[in-house]
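Student: Provided herewith is a single structure, encoded as structure tokens, for subsequent inquiry.
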Protein chains: 4
Amino acid sequence: MIDVAIVGATGYTALELARMILNHPQARLTLATSRQEDRPRLDTVHPSLARRTTLSCEPYDPDRVAELAQVAFLGLPHTASLEAVPDLRRRGVRVIDLSADYRLKCAETYHDWYGHVHTDPAGLAEAVYGLPELFRERIPTANLIANPGCYTSTAILALAPLVAEDKIDRRSIIIDAKSGVSGAGRTPKLTTHFPECNESLAAYNVGRHRHTPEIDQILSEVGCSRRNEPVEVIFTPHLVPMDRGILATIYAQPLASESEADLMDLYRSFYRHCPCVRVTSGLPATKDSAHTNWFDVTVRIVRGRIVVLAALDNLIKGAAGVAIQNFNLMHHLPETTGIPL
Amino acid sequence: MIDVAIVGATGYTALELARMILNHPQARLTLATSRQEDRPRLDTVHPSLARRTTLSCEPYDPDRVAELAQVAFLGLPHTASLEAVPDLRRRGVRVIDLSADYRLKCAETYHDWYGHVHTDPAGLAEAVYGLPELFRERIPTANLIANPGCYTSTAILALAPLVAEDKIDRRSIIIDAKSGVSGAGRTPKLTTHFPECNESLAAYNVGRHRHTPEIDQILSEVGCSRRNEPVEVIFTPHLVPMDRGILATIYAQPLASESEADLMDLYRSFYRHCPCVRVTSGLPATKDSAHTNWFDVTVRIVRGRIVVLAALDNLIKGAAGVAIQNFNLMHHLPETTGIPL
Amino acid sequence: MIDVAIVGATGYTALELARMILNHPQARLTLATSRQEDRPRLDTVHPSLARRTTLSCEPYDPDRVAELAQVAFLGLPHTASLEAVPDLRRRGVRVIDLSADYRLKCAETYHDWYGHVHTDPAGLAEAVYGLPELFRERIPTANLIANPGCYTSTAILALAPLVAEDKIDRRSIIIDAKSGVSGAGRTPKLTTHFPECNESLAAYNVGRHRHTPEIDQILSEVGCSRRNEPVEVIFTPHLVPMDRGILATIYAQPLASESEADLMDLYRSFYRHCPCVRVTSGLPATKDSAHTNWFDVTVRIVRGRIVVLAALDNLIKGAAGVAIQNFNLMHHLPETTGIPL
Amino acid sequence: MIDVAIVGATGYTALELARMILNHPQARLTLATSRQEDRPRLDTVHPSLARRTTLSCEPYDPDRVAELAQVAFLGLPHTASLEAVPDLRRRGVRVIDLSADYRLKCAETYHDWYGHVHTDPAGLAEAVYGLPELFRERIPTANLIANPGCYTSTAILALAPLVAEDKIDRRSIIIDAKSGVSGAGRTPKLTTHFPECNESLAAYNVGRHRHTPEIDQILSEVGCSRRNEPVEVIFTPHLVPMDRGILATIYAQPLASESEADLMDLYRSFYRHCPCVRVTSGLPATKDSAHTNWFDVTVRIVRGRIVVLAALDNLIKGAAGVAIQNFNLMHHLPETTGIPL
């Protein structure tokens, strides 16, 4: 049994983490923390956990985490992880960080997009980007996992085969992505107030969403063996009136003429060892992967342009589910242990 | 042309008011106020009003209201109206108050349910309850209208024929009401955060919703010519994952055996002069009255019990639309002038 | 391993059954049938099952079922089960029937409400009503389970403690129930066409929903040890714009004065051995039991009337989940094996 | 008063037409037709029209239309219009056809995309494409209006300024469009069954949606004065779980470096005489134009690429509202008479 803490347990990702850990045959949830001073029970914060746990949320204390847990999942806002990670690692706790703080390898890029100086360059250097489909071999020995963003996982997994095999013009990539509202977190604000976003659809953060440099970085890394040219994507996120799910519709210019059949074969081959990827003949609907850890993807050619369509559940495969994949790999367990499929 | 101010212009009811006033052939919107200090344009607060108005929201100042408007619609939270109403009336402004502050005739009941001392008993004594279907003759001369609550209009209009004609046991009334989320206002909070209330249904404030004494009071008044026994209802509100609309399913014990046909005739007769009421043969769906000022109602008998089903749009017939009905009656205009039907 | 067939595999309940069976450590899905003549793959009918099964749907043939399965789950429309059940039982297959055909003990009542003569009185006599919380001891030896309706499970479990302990007037019960749209099945029709039912709320089948006699029958049976008076409920179903979930708000007149605390204790005690029931202090929201087999219930007293609020997932605890509970009990497995909680 | 018929009155567009005609100061609805043989009342087909009209739907008969109406709005499926239009024109009825039958100027293209031979080349030659913002001068004298498709209006109006002024590479245009479900019509089918499309998002008809050649044709025509090169777009439609609204996110490669401010000025100038267009500084949300005839558009530059975001209500500005705009222009009435804004 591996003892596990969730640091920052009040959000939607934390709820999904708690569900999976409580069902996991090799993990034990020993601690949940929150800033709420009245130490609410976890099943008061998340009523769906009633009769599943009797834990109460404690204030965060790194000593307490180290005492009770071997692994900590961090569900903190960015910059808060920057403070907690070094404290926890110093105490020997392995960390899976779900914030953005350790995803961008370049501290300057972090500063440009997040507006904060990165105060833990040592951690940044050691952090492993936790996308098992691409970096499976680095994860087992990692002590600090930077868990990917939800849009980024969708976009990267959708494009990795094309970039790795150098099939597309790296400056032609357009990612038109649409997300359910849970992706915006659990803090109430006007844009996610029900009567504002229900029965409505809009783009947001056009040209300035913080997942952009993360997609650029990982795709550039994925493609570096073939070509030393950075990937630079155009990424437009949209808010869709549904709870969960991301659909990315991605357009790219092929470098040579391609057939749909060959591209589908490329995807099937590229992901043949990945237990959470489905290369689908039909067009993916977010509902078919909702509440699961599946990543669904298909490819089309339209008037000479490649169109990739990809879907996943932003809270599971886009956050908590991949975190458990990482956890499993870190502990030499089958990759899908305790994960809904 | 009648000059009109909206005091408290940032909420959903105020938006509907603004839309109707901007389309109204006899009204002119001369002032909108809000607490936001940066004086935002009204079409920044409500983007759907773009190209419809160039007004900016001003801080509330009773002198300014009196200078610019003959009538003020108050979209303030309760207790705030208690302060504004005497100031405005003193300056000769006629007021249509959409808060709850002048609805309950008994100041003690107000204190019991709202937790505040009522500081304007003179206003309370003069206020006219603005439900035109029942109190049409009192409205034209009123200087202070207490605009009804959305649940209360639904329940009262659904039950008035039965109570007025003394058809039911006044202690047997159960009102199971369901509302879209816009009824909860525009201030973000966790219960109306999209991923919390979307795809979910729950009751709230069971036995303690503040519309209860309002329903009791008006129905008791409606029925007083036949019987001097107060009405006391059981009222359960529910939050439904949709923008707008209230459906009330109401159960009552008849005092004598009744037929559906006779009851339908009673309703048709009772509302025969009401231009915004439809007695429907089918079961009302909230969608059929959405975005309009219709009140839809039908009656059934099930195993000897009377079941009334009634629907309206909570923001229009339940708030802004009836306010314009009142405005029209106060100015001897046709009751439905400028109102969507 | 127990070999299992799903007869009638294209509906939503069948999909949930398939998911649970595919995850069940002691069950193996060996056959799925449908009327579609082109023998579609099950994961074409239900794309969310991709990579989970390679079965194709076969036309129904009782010999084939008997050859491949020890237990058959019947996801057929009513009257179709009436034909299939005798054929399957004759061949030694144990049947869990999810239709209404074997729920009503009285063939005349069946005829009155369903408009068909009941052609299998022998089956009817032997069928066990599959509500484990109330009839756990009868299920293990049953060869034919009548799996309860979704509204009926909600209403019966919500009322059973009160009726069993003779706390309420049996003629005073009003069940105002609200269901997500998946309860209406998977066959497209105008009432469940998205733009018709989305953003709308309406009652339907007022006074004539076929779950009414089922609720009457089971509650009368539950209460018969205390009082030989039949229960007769007023039941009003509503369609709510959400996928899944039922909330029942139930009103009943107590026979004596009761306290909320005592009633809550009664519920906790009544269900103390039931692993899928949560007596909640807060008001249940359908979201908290969605995608799980939980039944959530609480009790309030409002102006002397008892108000019970209960929620469950209509496809799981209201259909497929309780079917697996029954399956587990029939095979002496822990009751919640393979069931999401 | 102009007498008006709606031929094919049961769909959602017809309902919006009926609402606007019933409110229109210069139009009178004298006839509604449907294939339903029992001649249902129009307010039975559309309950929201109760107390607004007492018309019953009649079977379609061109003589009857000619007898009762000067103008006919055709809400027929494609190919059905092909039959009705010549019959009506021969009888002197002016026709506004909301189907696709007269939109594509080239009969071969029609055959390629719709699979039918075009049997009315004379009508096709005379038909005027009813997009007032671009072809205002042709509409007043037209006897046959081809009312634009909803996606096409969105895409064309969003791109017309850039194409007309030759700002973009005509082969670089990507239109990622998202529509509410009412765009799929009122005939129930599995893809628009509530539990299938609610809480889900998917693309459909990728590369083969029939609005593609219509967009190509009109944009090529709009741009022909500057350059004789056809426009060929990549168009991907998506189904969004909401009733109404289209959002198009459009990407194009500029021919020269452009600034956002200049492009915004271009749009404002291009549409300065259009009473139903709003060039918005913020990102358009479909909710802000829902239930109105507004077309909202804005422009951004992202990493050198032009991104246009445009929204409208598919049933109003995308169908019935523009039809009334055409009707008004045909009768020399102010363009927005009777149209909700």
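The values are calculated or read from the model by the stated rules, or taken from the named source; none is laboratory data. Bear in mind the structure is a predicted one, so any value in this text is a computation, not a measurement. Cβ atoms come from the backbone with ideal geometry, glycine included; neighbour counts cover every protein chain shown. These area figures cover heavy atoms from the full protein model, side chains too; ligands, DNA and RNA do not enter into them. Shrake-Rupley method; radii C 1.70, N 1.55, O 1.52, S 1.80 Å.
Student: Can you pull the mean other chain C-beta count within 10 Å for peptide D:15-24?
Tutor: Averaged over the peptide's residues, the number is 1.
Student: Continuing with this model, one more query. Taking amide hydrogens as modeled 1.01 Å from N in the peptide plane, which residues meet the under 5 Å criterion relative to D:L315, leaving out close sequence neighbours?
Tutor: Amide H to amide H, under 5 Å and 5 or more residues apart or across chains, D:L315 pairs with D:G245.
Student: Per the helix-only calculation at 222 nm, which mean residue ellipticity applies to the protein assembly as shown, given -39500 (n - 2.57) for every DSSP H run of n ≥ 4 and division by its residues, nearest 500 deg cm²/dmol?
Tutor: -8500 deg cm²/dmol
Student: While we're on this one: Rolling a 1.4 angstrom probe over the protein heavy atoms, how many square angstrom per residue are accessible across chain C?
Tutor: Accessible surface, normalised per residue, equals 34 Å².
Student: Using modelled backbone amide H atoms (1.01 Å from N, in-plane), which distant-in-sequence or interchain residues come within less than 5 Å of C:A32's amide H?
Tutor: Correct list: C:I6, C:E58.
Student: What is the sum of charges, Lys and Arg at +1 and Asp and Glu at -1, for the other residues whose Cβ falls under 15 Å from the Cβ of B:A84?
Tutor: Cβ neighbours under 15 Å give a net charge of -2.
Student: Structure shown: which of A:K317/D:K317; D:K189/D:K317; A:K105/A:K178 lie over 29 Å apart, alpha-carbon to alpha-carbon?
Tutor: Distance filter (> 29 Å) returns A:K317/D:K317.
Student: At a 10 angstrom cut-off on C-beta neighbours, averaged per residue, how do the peptides D:323-331, C:265-273, B:242-250 rank from highest to lowest? Please report the intermediate quantities before stating the final value.
Tutor: On the way: D:323-331: 24.2, C:265-273: 14.9, B:242-250: 27.9.
Packing order, densest peptide first, comes out as B:242-250, D:323-331, C:265-273.
Student: Between helix B:150-164 and chain B, what is the angle of the helix's C-alpha long axis to the longest principal axis, kept within 0 to 90° and rounded to the nearest 10?
Tutor: The helix B:150-164 is inclined about 40 degrees to chain B.
Student: Quick one: net charge around B:A290, please, counting Lys, Arg +1 and Asp, Glu -1 for every other residue with C-beta under 13 Å from its C-beta.
Tutor: Value of the local net charge: -4.
Student: Take the alpha carbon atoms of segment C:277-341, find their center, do the same for segment C:68-98, and report the distance between the two centers in whole angstrom.
Tutor: First find each Cα centre; the distance between them is then 26 Å.
Student: How many percent of Cα pairs in segment A:151-313 exceed 18 Å? Don't jump to the answer; show the numbers that get you there.
Tutor: On the way: 7779 of 13203 pairs.
Here the tail beyond 18 Å accounts for 59 percent of pairs.
Student: Report the longest stretch of chain B that contains none of the GluC sites (Glu not before Pro) sitting in a DSSP loop with at most 11 other Cβ atoms within 10 Å.
Tutor: B:138-341
Student: Moving to a separate point now. Which distance in nm do the two modelled labels at C:D265 and A:R272 give, with both placed 7 Å along the Cα-to-Cβ direction?
Tutor: 6.7 nm
Student: Which of C:D112, C:D176, C:D101 moves the most in a Gaussian network model of chain C with Cα springs under 10 Å?
Tutor: Comparing C:D112, C:D176, C:D101 in the GNM, the peak value goes to C:D112.
Student: Next question, about the same structure. Tell me, what % of the accessible area of chain C is carbon and sulfur with a 1.4 angstrom probe?
Tutor: Result for chain C: 48 percent of the exposed heavy-atom area is carbon or sulfur.
Student: What total accessible area, in Å², is buried where chains D and A meet, using a 1.4 Å probe and rounding to the nearest 100? Please report the intermediate quantities before stating the final value.
Tutor: On the way: alone 14780 and 14780 Å², together 26070 Å².
Separately minus together, D and A give about 3500 Å² buried.
Student: Taking every pair of alpha-carbon atoms in segment B:244-341, give the share separated by more than 24 Å as a whole percent.
Tutor: When every Cα pair of segment B:244-341 is considered, 28 percent fall beyond 24 Å.
Student: While we're looking at this one, here's another question. Would you mind listing the distances between the C:E37 label point and the same position in each other copy? Use 7 Å along Cα-to-C-beta, nm, one decimal, shortest first.
Tutor: Spelled out, the distances from C:E37's label point are 2.6, 7.4, 7.6 nm.
Student: In B, who owns the beta-carbon nearest the axis carrying B over to A, and how many Å from it?
Tutor: Taking the axis that maps B onto A, the answer comes out as B:P188, 2.
Student: Also: On C-alpha positions alone, give me the angle between the axis of helix B:260-270 and the longest principal axis of chain B, in degrees, nearest 10.
Tutor: Its long axis makes an angle of about 30 degrees.
Student: Could you give, in nm with one decimal, how far A:G304 is from each other copy of that position, shortest first, with labels 7 Å out from Cα toward Cβ?
Tutor: 1.9, 8.0, 8.3
Student: Relative to the longest principal axis of chain B, what angle (0 to 90°, nearest 10) does the C-alpha long axis of helix B:80-90 take?
Tutor: Tilt relative to chain B: about 70 degrees.
Student: Using a 10 Å cut-off on Cβ to Cβ distances, tally the other chain neighbours for every residue of A:45-53 and report the average as a whole number.
Tutor: Mean number of neighbouring Cβ atoms from other chains: 5.
Student: Could I have the simple spin-label model distance between A:A122 and C:R51, label points 7 Å from Cα toward Cβ, reported in nm to one decimal?
Tutor: It is 3.9 nm.
Student: Which distances in nm, rounded to one decimal and ordered from shortest, link the label point of A:R227 to the equivalent label points in the other identical copies, with labels set 7 Å from Cα toward Cβ?
Tutor: The projected label point of A:R227 is separated from its counterparts by 2.4, 8.0, 8.4 nm.
Student: Once you sort the root eigenvalues of the Cα gyration tensor of the protein assembly as shown as a ≥ b ≥ c, which label holds: rounded (a/c under 1.5), prolate (a/b larger than b/c) or oblate (the other case)? All intermediate terms of the calculation are to be shown ahead of the outcome.
Tutor: Working: a/c = 1.29, a/b = 1.01, b/c = 1.28.
Verdict is rounded for the protein assembly as shown.
Student: For peptide B:282-292, what's the mean number of Cβ atoms from other chains within 10 Å of each residue's Cβ?
Tutor: 6
Student: Where Lys and Arg each count +1 and Asp and Glu each count -1, what net charge lies around D:D262 among other residues with Cβ under 13 Å from its Cβ? Don't jump to the answer; show the numbers that get you there.
Tutor: Details: positive: D:K167, D:R268, D:R300; negative: D:E165, D:E258, D:E260, D:D265.
Taking every other residue near D:D262 into account, the sum is -1.
Student: Next question. Measuring from label point to label point, each 7 Å out along Cα→Cβ, what is the C:S225 to A:M1 span in nm?
Tutor: Computed distance between label sites C:S225 and A:M1 equals 3.8 nm.
Student: Go ahead and set up a Gaussian network model of chain C, Cα springs under 10 Å, then flag whichever of C:A261, C:A146, C:A319 fluctuates most.
Tutor: C:A261
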